[in-house]
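No value in this document is a laboratory result; all are computed from the given coordinates. On a predicted model such as this, the values are computed, not experimentally measured, just so you know. All Cβ positions, even for glycine, are placed from backbone atoms using ideal geometry, and neighbour counts span all protein chains on display.
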Amino acid sequence: MAQANTVDLSLIEEILDEYASVPGSLITILQKTQEVYGYLPMDAIYRISERTGNSPAKIMGVATFYAQFRLQPIGKYLIYLCKGTACHVNNSDLIGATIEQELGITNGETTEDGLFTLEHVACLGCCSLAPVMMINGEAYGSLTPQKTIQILQDYRKKEASA
């Protein structure tokens, strides 16, 4: 199962040194690996398998069972769209449709330019701001379709001027 490395596996050696021999630490290893790369590259999964003795299939089973893990790179800007009750009754579906139309992606997808990834979440804990989205940790609330489009365009302008 050897394959050409497309990521720098040395970045996770310290994690593996600390946790590989600790029983029950697979989720911790996967969390810390995702912190390093932003997702779980297949090369890293194979390396984790080598170091922990868990089969790649077992690791993939864990990685695909838990929603916190990603198997594909995410965009520079991760958009969390709240789908909780307060947001739902305040038209988060309309905001979601606006984001999808503006960016040409759906839940779980990344724009072709790698700038944006959209993820629906159960709750952002900002119910008083409903409907709300969060981009890289910054909350935007009381959204309307027009306000949502403006926010996304502002991010694109920021990138264009960088």
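Lys32 sits among other residues whose Cβ lies under 11 Å from its own Cβ, and their net charge, with Lys and Arg +1 and Asp and Glu -1, is -3.
Give me the net charge for the shell around Leu9: Cβ to Cβ below 14 angstrom, other residues only, Lys and Arg +1, Asp and Glu -1. Result for the neighbourhood of Leu9: -3. Taking a quarter of the surface of the Cα convex hull of the range 9-65 gives a mean projected area of 3.3 nm². For a paramagnetic label modelled on Met42 (point 7 Å from Cα along Cα→Cβ), amide N atoms under 15 Å away belong, within the range 61-80, to 61, 71-73.
Here the relative contact order of the range 77-161, from alpha carbon pairs under 8 Å that lie six or more residues apart, stands at 36 percent.
Determine the relative contact order of the chain: mean sequence separation of Cα pairs under 8 Å and six or more apart, normalised by residue count, in whole percent. It comes to 18 percent, rounded to a whole number.
Using θ = phi - 60° in the Karplus curve 6.51 cos²θ - 1.76 cosθ + 1.60, the 3J(HN,Hα) couplings for the range 10-21 round to 5, 5, 10, 4, 5, 4, 5, 4, 7, 10, 4, 9 Hz; x is entered for Gly and Pro. Among the lysines of the chain, pairs at least eight places apart or on separate chains and with Cα atoms under 18 Å apart come to 6. Rounded to 0.05, the FRET efficiency of the Asn136 and Val22 pair, given R0 = 25 Å and the Cβ-Cβ distance, is 0.20. Working value for the chain: equivalent-ellipsoid semi-axes of 35, 18, 13 Å, each the square root of 5 times a Cα gyration tensor eigenvalue, largest first.
Can you compute the charge dipole magnitude of the range 1-144 about its Cα centre, using +1 on each Lys and Arg Cβ and -1 on each Asp and Glu Cβ, nothing else charged? Give it in debye, rounded to the nearest 20. Can you show the working numbers first?
Numbers: 7 positive and 16 negative charges, 82 e Å.
Once rounded to the nearest 20, the dipole reads 400 debye.
Histogrammed with a bin width of 5 Å, the alpha carbon distances of the range 77-161 distribute as 3, 17, 29, 28, 16, 6, 2, 0 percent, first bin at zero. Cys residues of the chain that find no other Cys beta carbon under 4.7 Å: Cys123, Cys126, Cys127.
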